[in-house]
There are 2 protein chains.
Amino acid sequence: MNIKEIAKTANVSVATVSRVLNGSSKVSEETRRKVNDVLNKVNFKTDPSARRLAIKKIEIKVFVIVSKRINRQLNSDSVVREFYSKVIEGIEQTAELNKIHVEVVELEDILNESKLKTVNGLLLIGGDTTIEHVKFIKKYGIPIVLVDQYIPTLKVDCVISDGYDGASYATKYLISKGLKKIIHIHGFLNHFGFKNRYDGFISTMENYKLLPKDYEYNDEIMEDMKPLIDKILKTYGLPEAIFASNDPIAMKVIETLNNFRIRVPQDVSVIGFDGIEIGEKFNPSLTTLKVPMYEMGSLAVKRLIDIITNHDVYPVRISLFTEFIKRGSSI
Amino acid sequence: MNIKEIAKTANVSVATVSRVLNGSSKVSEETRRKVNDVLNKVNFKTDPSARRLAIKKIEIKVFVIVSKRINRQLNSDSVVREFYSKVIEGIEQTAELNKIHVEVVELEDILNESKLKTVNGLLLIGGDTTIEHVKFIKKYGIPIVLVDQYIPTLKVDCVISDGYDGASYATKYLISKGLKKIIHIHGFLNHFGFKNRYDGFISTMENYKLLPKDYEYNDEIMEDMKPLIDKILKTYGLPEAIFASNDPIAMKVIETLNNFRIRVPQDVSVIGFDGIEIGEKFNPSLTTLKVPMYEMGSLAVKRLIDIITNHDVYPVRISLFTEFIKRGSSI
DNA sequence: TTTCTTTATGTAAACGCTTCCATATTATCA
DNA sequence: TGATAATATGGAAGCGTTTACATAAAGAAA
């Protein structure tokens, strides 16, 4: 069953059927009804490959939106840089394969421009995307896929990593090694990513009837982590293991512990999260949960293509599993 | 960059390029090398859509595996029937659209057969799939996608509905209507679906500083719910709203409440979960969260195709958002 | 040498859809 | 009323592949 047969039974041309299918305005009410009747009767579904092939003439622009903050970091030497670079690499290569034009722009720019109207789809990367941004863009009816960001109250497509599962795995690993005094050092919990990892840690500890203990850090503490470690040692004592909510924290923790003459992993095991490359070079090399960043970007593009070409309507949340990488910083 | 350009620069016909690309034997060594040189130089990648369109039928066999229990229910008149029928409809139509052959078999059958080796991919539907099943099949290196089932400890692709979000939405809705005494009646929490909905309910109530109260039901109670309602009324008092973890429970609750001369929704609001069709005919018509069942099946097939054709390696979890449908059983 | 195979390559027709362009119809205006 | 503009529809050319069929070249058999 194809468009041609539909056309024949509806007594119109294939062009007209296509127009009805795509909601183009140049069809009379009567014809539209006639075609729709046939369409419904046979429960017609457009062949995605054919549509995709035909439509390819059009320049599909995908704006990879990055907030000013992240963009600055992308240009500076930072871990964020590595993370998002990998994601963007995945985006660009997958886009190229599908002959889609990608442009990386700053979020602030696109929000001010009425350029929005020329865009076929948007990828919004990272934690700076807010509900307002999404709502604003949605008004234009432009498909969006969030990357490494999830906004629970909004039903919007997103690709994220499974922090809950990862944290849970790490915690179980430590427990399986006989460790019991495990603490979690994490970022602000209103960030969904940190929250997920936190939840995974807490619930796993509770499942094993162990007392979960967690400490929140802020940007100042990143400068100097001594006060935090000090506090932990005083109020909690020396933990057997520390699970940090990302790699930079983990490395900072190790550094600071060393200053306290506490050895990693002999005295305390440390596990990070993200799997950035520096972690491997670090001494001791960092045990971590690797987020498949390239895949994240790649999947986001594929999803966007699906949405655009199939008029896919149900938003989905795609979570990628992380990969546990055992290295030197933990037993 | 397409096959035609490759052909031109390699000084051969497009047919020949295609033959080289597909490893057909009817190409001389010399020509093959010539073409491959060009291919490598420009890092050519075949357009998937075009290929898909041109190939009339890819012989990918997908076994939709259904456990005996569910299969029995599919043949009998049950709500499970409706739910899984819709899912299977999505699977079959999407498969057909992609010219893939689908066969619905019973889980028990396939596990005993060495037929497994002839299969390109498997879809496992529903809550009866166990870790052992998956592990067994994985041994054969066959791609699997779980549908409406999630096994946290195993990194296996799955398509599920977002119970947490749905439950959370329902709870917020009730709270927004000024209701405070809200309880949750749910199934066994070791089923990930019920657990998710439970978590969504609990955490939302806590967010609003309300006391969450929940009751677990079992199959006997489904026969006669009087004891449970009795217990609730005695220990908790009359709730203002009841959120049930699926539609059948919700309807049973309403029925039983009516026997107690308690009116729905005047005295107590009731919300279900699933969005099965009977709920609409029910009196009062059921407020519920609709799981996009068709989409669930459809997405599962698409994911399986991706895994098979792209050799996609990172397993992902795809969650579909539910849709809140306000009807007569709630204010 | 002639005829018959075999092998390598090219030509062109699909695959199902979108969309530019042309045409036919109807409405609008002077 | 005739000229013009607006609107609805159809025809047909792509989109990038695959592949049946045709053809050319070369080798084998007579």
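Each reported figure results from applying straightforward, stated rules to the coordinates on display, with no laboratory input. Being a predicted model, the structure only gives us computed values, none of them experimental. Cβ sites come from the backbone with ideal geometry, for glycine too, and all protein chains shown count toward neighbours.
Using the basic label-point model (7 angstrom from Cα toward the beta carbon), what is the residue B:154 to residue A:310 distance in nanometres? That separation, rounded to one decimal, is 2.4 nm.
Bridgeable lysines around residue A:231 (alpha carbons under 25 Å apart, same-chain partners fewer than 8 residues away excluded): A:180, A:181, A:195, A:209, A:213, A:252. Listed by chain and number, the lysines placed with their C-alpha closer than 20 angstrom to that of residue A:41 are A:4, A:8, B:86; residues fewer than eight positions away on the same chain are left out. Contact order, relative form, for region B:3-54: 32 percent (alpha carbon pairs under 8 Å, 6 or more residues apart, mean separation divided by residue count). The same position residue A:323 in the other copies lies at 3.8 nm from this copy, comparing label points 7 Å beyond Cα toward the beta-carbon, shortest first. Remark: A:309, B:322 ranked as A:309, B:322, counting other beta-carbon atoms within 10 Å and listing the fewest first. Restricting the calculation to Cα atoms, region B:155-287 shows an Rg/Rh of 0.95 when the hydrodynamic-style radius is the Kirkwood one.
Across the options B:315, B:91, A:235, the greatest Cα extent toward the positive end of the charge dipole of the protein assembly as shown (unit charges at beta carbon of Lys, Arg, Asp, Glu) belongs to B:91.
Excluding residue A:26 itself, calculate the net charge of residues whose Cβ lies under 13 Å from the Cβ of residue A:26, where each Lys or Arg counts +1 and each Asp or Glu counts -1.
Every neighbour counted, the sum reads +1.
Within a straight-line Cα-Cα reach of under 15 Å, residue B:281 can be paired with the following aspartates and glutamates, leaving aside sequence neighbours fewer than 8 residues apart in one chain: B:82, B:247, B:255. Normalising the Debye intensity of chain B to I(0), with uniform scatterers on Cα atoms only, and taking log10 at q = 0.06 Å⁻¹ returns -0.31. Charge dipole (Cα centre; +1 on Lys/Arg Cβ, -1 on Asp/Glu Cβ; no other charges) of the protein assembly as shown amounts to roughly 1280 debye.
Amide H contacts under 5 Å for residue A:328: A:285, A:286, A:287, restricted to partners 5 or more places along the chain or on a different chain, H placed in the peptide plane at 1.01 Å from N. Placing +1 on the Cβ of every Lys and Arg and -1 on the Cβ of every Asp and Glu, with no other charges, gives region A:215-328 a dipole of roughly 300 debye about its Cα centre.
Which whole-number percent is the relative contact order of chain A (Cα, under 8 Å, 6+ apart)?
Details: 547 pairs, mean separation 60.9, N = 331.
After rounding, I find 18 percent.
Principal semi-axes of the equivalent ellipsoid, √(5λ) from the alpha carbon gyration tensor of region A:3-45, are 14, 10, 10 Å from largest down. For region B:3-54, a simple Cβ point-charge model (Lys and Arg +1, Asp and Glu -1, everything else neutral) yields a dipole of about 120 debye relative to the Cα centre.
Could you check how many percent of all C-alpha pairs in the protein assembly as shown are farther apart than 46 Å? Cα-Cα pairs of the protein assembly as shown separated by over 46 Å account for 24 percent.
Test of understanding: in a Gaussian network model of chain A with alpha carbons linked when under 10 Å, which of A:190, A:120, A:310 would top the mean-square fluctuation ranking? So, out of A:190, A:120, A:310, the one fluctuating most is A:190. For the pair residue B:130 and residue B:234, label points projected 7 Å from Cα toward Cβ lie 3.7 nm apart.
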